[in-house]
Amino acid sequence: MSCTQLFAEFYTSVMPDLNLERLSRILGNKQVQVLSRADVEEKAERMILAKAKVSKVGFLVPGDPMVATTHVDLRLRAQRAGIETKIIHASSVMSAAAGVTGLQSYKFGRTVTIPVSWQGGFPDSVLDAIKGNLASSLHSLVLLEVDAENKRHITIPQALEQLLDACRKKSETAISRETLAVGIARLEAHDMTIKAAPLTELIHTDFGKPPYVIILPTHLHFVEKEALQAFCNAAKELVERKL
């Protein structure tokens with residue numbers, strides 16, 4: 001690691017079992033300065049880019065760095081300031097969720113996020129995106145927001161209850177308590193929990209600590225059906241119902 005200074009942010013996701021001391025040792029006993037959302041979004045020029053103009057700086061993030069809009073913005077600011085950047089890509093939830101379930105990645109539609117809190121009711125954009133994916137026979141990847149700085153998150157049961165409540169209020173029948181879904185907690189961690197079942201069963205399942213994602217599959221290829229049974233403990237009669 002040739003960087004003279006290292007920064008990190010952990011507000012975009014939760015990293016189970018993260019240990020800064022161990023991370024520092026892995027990086028050659030270099031100190032890692034953890035930044036808040038405000039540091040990155042409002043003070044980047046002073047805290048990061050000013051140092052990057054005169055030395056080699058590293059910025060560590062959970063997952064793939066360019067998936068979060070905040071990080072794209074930071075790279076654009078660096079480019080406008082004449083600072084060269086290099087990305088080291090990592091595993092993304094976009095590909096990993098498909099990988100662990102055995103669902104085909106090219107059959108996923110628009111990804112949506114259910115926020116920890118909102119004003120004015122459940123976001124229409126979330127339900128509209130899922131309905132659009134269903135209409136196009138595409139799987140839906142639903143991310144559940146984690147507010148790491150304020151130690152708040154939304155659980156899989158809470159998210160599914162809110163989704164069903166929104167469907168009831170809009171008389172939407174495409175999603176019901178018997179709809180097949182996959183709940184995943186702590187994706188790729190050693191204690192990852194994954195389960196494919198009807199919404200009514202997932203609502204009563206304890207997935208443990210975050211982060212969480214939900215997949216709402218649509219029409220299944222025969223290989224996907226077998227994968228959901230083998231990797232996600234889905235009942236055969238449940239996946240066979242998804243024609």
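Read-outs throughout are calculated quantities, based only on the coordinates presented, and are distinct from any laboratory measurement. Computed from a prediction, not measured in an experiment: that's the story for all the values here. Because the Cβ atoms are built from the backbone with ideal geometry, glycine has one as well, and the counts that use them run over all protein chains shown.
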Qualifying positions in region 71-93 - exposed (fewer than 10 other Cβ atoms within 10 Å of the Cβ) and either in contact with a Cys (Cβ under 9 Å, 6 or more places away or on another chain) or of a type outside the set (K, R) (or both) = G82, E84, I88
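Checking the conditions here, which among K195, K225, K209 is in contact with an Asp or Glu (Cβ under 9 Å, 6 or more places away or on another chain), buried (at least 18 other Cβ atoms within 10 Å of the Cβ) and more than 18 Å from T111 (Cα to Cα)? Don't jump to the end; show me each part of the working.
Working: K195 fails: buried (at least 18 other Cβ atoms within 10 Å of the Cβ); K209 fails: buried (at least 18 other Cβ atoms within 10 Å of the Cβ).
Being in contact with an Asp or Glu (Cβ under 9 Å, 6 or more places away or on another chain), buried (at least 18 other Cβ atoms within 10 Å of the Cβ) and more than 18 Å from T111 (Cα to Cα) holds for just one of K195, K225, K209, which is K225.
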message = So, in region 1-29, exactly how many residues are free of Cβ contacts under 8 Å to residues at least 40 places away in the same chain and touching a strand residue (DSSP E or B) at 6+ places or on another chain (Cβ under 7 Å)?
response = 4
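Return the residues of region 30-59 that are closer than 25 Å to A189 by Cα, surrounded by fewer than 18 Cβ atoms within 10 Å (Cβ to Cβ), of a type outside the set (S, T, N, Q) and touching a strand residue (DSSP E or B) at 6+ places or on another chain (Cβ under 7 Å); say none if nothing qualifies.
Residues of region 30-59 that are closer than 25 Å to A189 by Cα, as a first pass: 30-37, 58-59.
Restricting the remaining residues to those that are surrounded by fewer than 18 Cβ atoms within 10 Å (Cβ to Cβ) gives 30-34, 36-37.
With of a type outside the set (S, T, N, Q) added as a condition, the list becomes 30, 32, 34, 37.
Residues satisfying the conditions are K30, V32, V34.
Every residue in region 120-130 that is outside any loop (DSSP other than H, G, I, E, B) and either under 15 Å from H219 (Cβ atoms) or not acidic (D, E) (or both), please. Full working, then the answer.
Going through region 120-130, the residues outside any loop (DSSP other than H, G, I, E, B) turn out to be 124-130.
Correct list: S125, V126, L127, A129, I130.
Restricting region 88-97 to residues that are out of contact with any strand residue (DSSP E or B) (no Cβ under 8 Å at 6 or more places or on another chain) and of a type in the set (A, V, I, L, M, F, W, C), which is nearest to H153 (Cα to Cα)?
Restricting to residues being out of contact with any strand residue (DSSP E or B) (no Cβ under 8 Å at 6 or more places or on another chain) and of a type in the set (A, V, I, L, M, F, W, C), the top hit is A96.
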key: strands (runs of 3 or more DSSP E) wholly inside region 131-242 containing at least 2 residues that are small (G, A, S) and either more than 17 Å from the chain's Cα centre (by Cα) or within 20 Å of A96 (Cα to Cα) (or both)   = 180-185, 193-198
request  = Being polar (S, T, N, Q) and touching a Cys at 6+ places or on another chain (Cβ under 9 Å) narrows it down to one of S36, S55, S105, so name that one.
outcome  = S55
request  = Give region 98-151 a look and list any residue that's out of contact with any strand residue (DSSP E or B) (no Cβ under 8 Å at 6 or more places or on another chain), closer than 21 Å to T193 by Cβ and surrounded by fewer than 15 Cβ atoms within 10 Å (Cβ to Cβ), or say none.
outcome  = G99, K151
request  = Filter region 228-243 for residues that are free of Cβ contacts under 8 Å to residues at least 60 places away in the same chain and either buried (at least 19 other Cβ atoms within 10 Å of the Cβ) or touching a Pro at 6+ places or on another chain (Cβ under 8 Å) (or both) and give the result.
outcome  = A234, L238, V239
